[in-house]
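Take a look at the structure below.
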């Protein structure tokens with residue numbers, strides 16, 4: 001497979017990797033704690049998109065069984081191609097985990113701001129050195 | 001009967017946590033959490049006795065049969081871990097910290113117990129579940145509650161340390177989640193045994209190799225494997241002492257189990273250690289951890305920080321046992337889980353006693369404290385000797401089997417390095433013992449008013465100190481179970 005083909009077939013994954021690295025870079029490079037939390041959010045969002053991407057089945061429709069009065073409880077005459085619902089369900093949990101993490105991180109940032117008078121990491125480190 | 005009650009290991013603490021929030025009475029909450037943990041320990045011991053010798057208990061949540069439904073699956077490996085976590089939780093909970101963590105005012109103390117119970121429930125959940133995504137959820141439950149627990153320490157840096165821990169832990173958790181996602185893409189299932197059965201790992205399959213990389217790095221962050229350990233010394237030294245004791249004794253142990261389970265059960269020892277040769281990375285990192293972290297411990301002036309760095313070094317011993325990939329070495333690593341939990345948990349409880357009476361655990365502040373607090377200081381010495389690995393203590397048992405396993409593998413140099421690194425432990429333990437017993441107290445810090453720690457603190461610390469000697473002399477139970485667990489893991493089962 002040539003590199004052009006692999007890019008066109010897997011472009012969603014390339015986007016996810018790019019998004020993920022953007023998030024990770026923000027976490028590493030920014031000193032502001034709130035920005036770090038935002039970076040962490042982008043990082044998590046990339047992972048969630050990864051799951052959502054893998055759930056897509058080409059030509060698949062939303063995984064809702066249509067109501068067919070002729071065949072109660074059955075799939076009807078012809079087989080319907082569904083997208084995979086499982087990764088979506090998993091991501092509902094992952095989103096909840098992400099929200100909890102964000103809430104906790106922000107709460108900690110508020111406490112840090114209360115104790116240090118700043119939400120900048122480098123200033124907090126300097127403050128600790130001066131008030132050892 | 002026993003198949004049905006194993007689910008209570010997770011359900012009881014998970015239900016007790018909101019009950020604590022509703023009860024709003026600190027003393028009642030403490031009793032409730034003690035009771036819950038005691039029941040969990042009883043169940044864990046019963047389960048361990050049941051599955052020893054190759055038994056397996058499987059519980060299907062909601063009656064959905066695996067691989068579609070979530071399965072709780074307990075073999076010797078998991079039961080060992082359940083017993084370890086609940087036993088340590090019971091000892092730490094029975095420690096009467098006289099007023100709880102400094103940051104938590106009396107009217108809010110019930111929330112502290114609720115978070116503690118959530119943390120236990122998460123750790124037990126990781127150990128018990130047989131579903132990959134379920135592990136991620138429990139991993140985050142336990143991690144989120146440990147961030148909160150760490151942030152409750154008295155110093156302002158506790159909150160900053162908790163924030164770092166959160167950032168590192170979340171990155172680790174997301175890596176783990178991505179690894180599970182890739183495994184799901186390759187195999188189409190989330191049940192661990194089903195994944196292991198369907199996965200045919202090969203170096204040509206990039207998806208599988210990437211999944212292994214993501215899972216190993218993710219768990220290594222939570223385990224604090226050497227270059228990823230940066231969060232640990234801060235978190236352990238600024239957390240409330242009781243929390244440090246609990247996390248040092250349980251959280252990293254559960255992560256170690258997770259790493260072993262990923263390597264041996266999911267991917268299998270032949271792929272990881274023969275085809276991929278992971279030991280080429282894991283072995284040097286373990287040895288570096290043993291030397292650099294022990295070296296850093298020598299230069300610490302705060303006893304808690306010293307013990308925290310020593311924990312990083314001890315994790316190095318565990319991963320060294322993992323990288324031998326033979327029964328003796330792996331059993332040495334697994335038995336070190338228990339042994340290290342006993343000694344480090346005991347030492348952190350001693351720290352809590354010292355903090356309560358002396359007010360500081362700066363090594364200079366502890367000068368001459370051995371005369372004022374003889375029992376506390378004696379427990380400190382027993383824990384310290386065990387860290388060095390003196391015969392008659394649990395530390396010796398671990399190192400004996402680790403060295404045997406390494407020699408079986410033919411790594412003579414690594415065996416010599418294990419023994420040499422013990423000398424570094426001798427230096428940092430010796431430094432503390434010297435201050436406590438032989439140094440005169442500084443005139444600026446009189447210690448005449450210092451009395452022995454109260455019984456409610458001393459007793460749990462001594463339970464662990466006695467255990468450190470008892471299990472150093474009798475290895476049938478600890479090493480027996482660990483060896484069985486190692487055989488099971490190497491055979492690819494859980």
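Observations
- Radius of gyration, Dmax [the stretch B:195-316; alpha carbons; angstrom]: 16.2, 52
- Rounded to the nearest 10 degrees, the inclination of helix B:455-473 to the longest alpha-carbon principal axis of chain B is 60 degrees.
- Percentage of interatomic Cα-Cα distances in the protein assembly as shown larger than 40 Å: 27 percent
- Rg/Rh for the stretch B:109-220, where both radii come from Cα atoms and Rh is the Kirkwood radius: 1.08
- Legend: calculated FRET efficiency, residue B:470 to residue A:12, from the Cβ-Cβ distance at R0 = 60 Å, rounded to 0.05, equals 0.55.
- Where Rh is the Kirkwood radius over Cα pairs, Rg/Rh for the stretch B:1-141: 1.01
- Relative to the longest principal axis of the Cα atoms of chain B, the long axis of helix B:76-94 makes an angle of roughly 20 degrees.
- Peptide-level mean, for A:36-42, of C-beta atoms on other protein chains within 10 Å: 2
- Segments A:34-40, B:485-491 sorted - mean Cβ within 10 Å per residue, highest first: B:485-491, A:34-40
- If R0 equals 41 Å, the separation of the Cβ atoms of residue B:11 and residue A:80 corresponds to a calculated FRET efficiency of about 0.60.
- Rg/Rg_globular for the stretch B:72-152, with Rg_globular taken as 2.2 N^0.38 Å and Rg from C-alpha atoms: 1.21
- Length, then width, then depth: along the principal axes, the Cα atoms of the stretch B:2-490 run 69, 57, 40 Å.
- 0 to 90° range, to nearest 10: angle between helix B:279-288 axis and chain B longest Cα axis: 0 degrees
- Whole-Å semi-axes of the stretch B:40-112's equivalent ellipsoid (Cα gyration tensor): 34, 18, 8
- Distance between modelled label sites at residue A:106 and residue B:49, nm, 7 Å Cα→Cβ extension: 5.1 nm
- Rg ratio (alpha-carbon, reference 2.2 N^0.38 Å) - the stretch B:317-469: 1.17
- For the protein assembly as shown, share of DSSP beta bridges that run antiparallel, in % to the nearest 5: 90 percent
- When both the stretch B:379-446 and the stretch B:212-277 are represented by their alpha-carbon centers, they are found 22 Å apart.
- Counting, for every residue in B:148-161, the Cβ atoms of other protein chains within 10 Å of its Cβ and taking the mean gives 4.
- For chain B, the 222 nm mean residue ellipticity estimated from helices alone, with every DSSP H stretch of n ≥ 4 adding -39500 (n - 2.57) and the total spread over all residues, rounds to -23500 deg cm²/dmol.
- Treating r as the C-beta distance of residue B:200 and residue A:126 and R0 as 60 Å, the FRET efficiency rounds to 0.65.
- Values of log10 I(q)/I(0), in the order q = 0.12, 0.17 Å⁻¹, for the stretch B:249-348 under a Debye, Cα-only, solvent-free model: -0.40, -0.75
- Length gained when the stretch residue B:433-residue B:449 is fully extended (0.36 nm per residue, less Cα-Cα span): 3.7 nm
- Whole-number D in µm²/s for the stretch B:364-430 (Stokes-Einstein; Kirkwood sum over Cα pairs; 25 °C, 0.890 mPa s): 185 µm²/s
- With the convex hull constructed from alpha-carbon coordinates only, the stretch B:410-494 shows a mean projected area of 10.2 nm² over all directions.
Quick note: the coordinates plus some simple rules give every number you see, no bench work behind them. Predicted model, so just to flag it, every value in this text is computed and none were measured. In this analysis, Cβ positions are derived from the backbone assuming ideal geometry, glycine residues included, and neighbour counts consider all displayed protein chains.
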